[in-house]
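This report concerns only the one structure given below.
The values are calculated or read from the model by the stated rules, or taken from the named source; none is laboratory data. Keep in mind it's a predicted model, so treat the numbers as computed, not measured. Every residue, glycine as well, gets a Cβ built from its backbone with ideal geometry; the counts of neighbours run over all protein chains shown. The protein model used for the area step is the full one, side chains on, heavy atoms only, and it has no ligands, DNA or RNA in it. Shrake-Rupley method; radii C 1.70, N 1.55, O 1.52, S 1.80 Å.
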Amino acid sequence: MTHPTETPSRALVLGGGGVTGIAWEVGVLAGLAAAGVDWSKATSVIGTSAGSFVGAAVASGYDLERLFAAQLVADENEVDAKASEATLQAWWAALEEGGEDPRKVGAAMGRISKANPEPVPAAVRRRVVASRLVTTDWPAVLKVTAIDAGTGELHLFDRHSGVALSDAVAASGAVPGVWPLEHFQGRSWVDGGMVSTTNARLAAGHDAIVILAPMPAGYGRIPGAAADAEALAENADVQLITPDEHSVEAIGPNPYDPQRRTTAAHAGRAQGEAVADQVSKLW
């Protein structure tokens, strides 16, 4: 913990959860901001998958009320997507194969993507990415996760990585069997959330940590968001926010369903307002 005279370091961790996860996170953050929580104080914003898109907005200082309003109207660039039963079975097999080793899980997920590298046309996916991003400039405090499809290693990209922001967030959200495999720096990349929906442990070393986890459960033998938060809490003040009962209902069963954006955003905002006092004290 810091001395009273020091400025505490603050990390905002934004997890994966599809298009509904984006809307829910935007709602939570907007509700908290309206209650006085200043997200510009974040010294690190760590985004995974859906969280990478939201993170780019927050870290760039984008107007959260404007972003919230955007969740309430249809976006013609969004497309209906869903993980097929075969894809879900492949994920579970990858988790069983990898066990407790995130790199083995990541490599197995990479093979799933390589077997079906373009479940939707790459041009369609790029339109989705462009419509979700509010900036193409790397914010100074933003970090984005993605997995090397060959080695299974989790990478953390930032403005010094030599990768375009649009490429990094596309890779971070490249769900195997749902969205296309991404290629840059001579490698192929898949969703950073396939080994942890939040990758919250990457925030270790910060004094205050707020974690938003639209999909908080663990994967196979990979710990979930609650376990990560508990581990971080040994050395930091931590607030984990996960969908409450109303938000779970609003999000629905398919995180990739754009028709659920409005309900997810409203439910997230209500949650943000409900936990504002707790977050304000920590932040």
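Computed values, structure above
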item: Under 13 Å, Cβ to Cβ, from GLU96 - net charge with Lys/Arg +1 and Asp/Glu -1; result: -1
item: In sequence order, calculated HN-Hα J values of the range 93-105 (Karplus, 6.51, -1.76, 1.60; Hz; x Gly/Pro); result: 5, 5, 5, 5, 5, x, x, 8, 9, x, 5, 5, 4
item: Within a Gaussian network of the chain (alpha carbon springs, distance under 10 Å), most fluctuating of ALA33, ALA170, ALA123; result: ALA123
item: Positive dipole terminus of the range 120-198, leading residue within VAL128, GLY186, SER161 (C-beta point charges); result: VAL128
item: Cut-off under 5 Å, modelled amide H: who pairs with GLY152 long-range; result: ALA107
item: Rounded to whole Hz, the Karplus (6.51, -1.76, 1.60) HN-Hα couplings of the range 37-51, x for glycine and proline; result: 6, 9, 6, 5, 6, 4, 8, 8, 10, 10, x, 10, 6, 3, x
item: Rg ratio (alpha-carbon, reference 2.2 N^0.38 Å) - the range 182-221; result: 1.48
item: Along each principal axis, Cα extent of the range 42-89, largest first, Å; result: 40, 28, 13
item: Centre separation in Å (Cα based) which lies between the range 95-144 and the range 41-62; result: 16 Å
item: Count of lysine pairs in the chain with Cα separation under 20 Å (8 or more residues apart, or interchain); result: 4
item: Whole-percent carbon and sulfur share, accessible surface of the chain, 1.4 Å; result: 50 percent
item: Given charges at beta-carbon only (K, R positive; D, E negative), |dipole| of the chain in Debye; result: 580 debye
item: Residues whose placed amide H lies under 5 Å from that of ILE211, excluding near-sequence neighbours; result: VAL13, GLN239, LEU240, ILE241
item: Linear extension gain, GLU234 paired with GLU273, 0.36 nm per residue minus alpha-carbon span; result: 11.4 nm
item: Calculated from backbone phi, Karplus (6.51, -1.76, 1.60) coupling profile of the range 233-244 in Hz, x at Gly/Pro; result: 5, 5, 10, 7, 8, 10, 10, 9, 10, 10, x, 7
item: Cα-based shape type of the range 18-153, given that a ≥ b ≥ c are square roots of the gyration tensor eigenvalues and the cut on a/c is 1.5; result: prolate
item: For the range 145-227, alpha-carbon Rg over 2.2 N^0.38 Å; result: 1.12
item: Computed helical MRE - 222 nm, the chain, DSSP H runs ≥ 4 contributing -39500 (n - 2.57), nearest 500; result: -12500 deg cm²/dmol
item: Test item: Cα-centred dipole of the range 191-277, Lys/Arg +1 and Asp/Glu -1 on Cβ, debye; result: 360 debye
item: The chain: Cα Rg divided by the 2.2 N^0.38 Å rule of thumb; result: 0.92
item: Calculated P(r) of the range 63-214 - Cα pairs past 18 Å, %; result: 61 percent
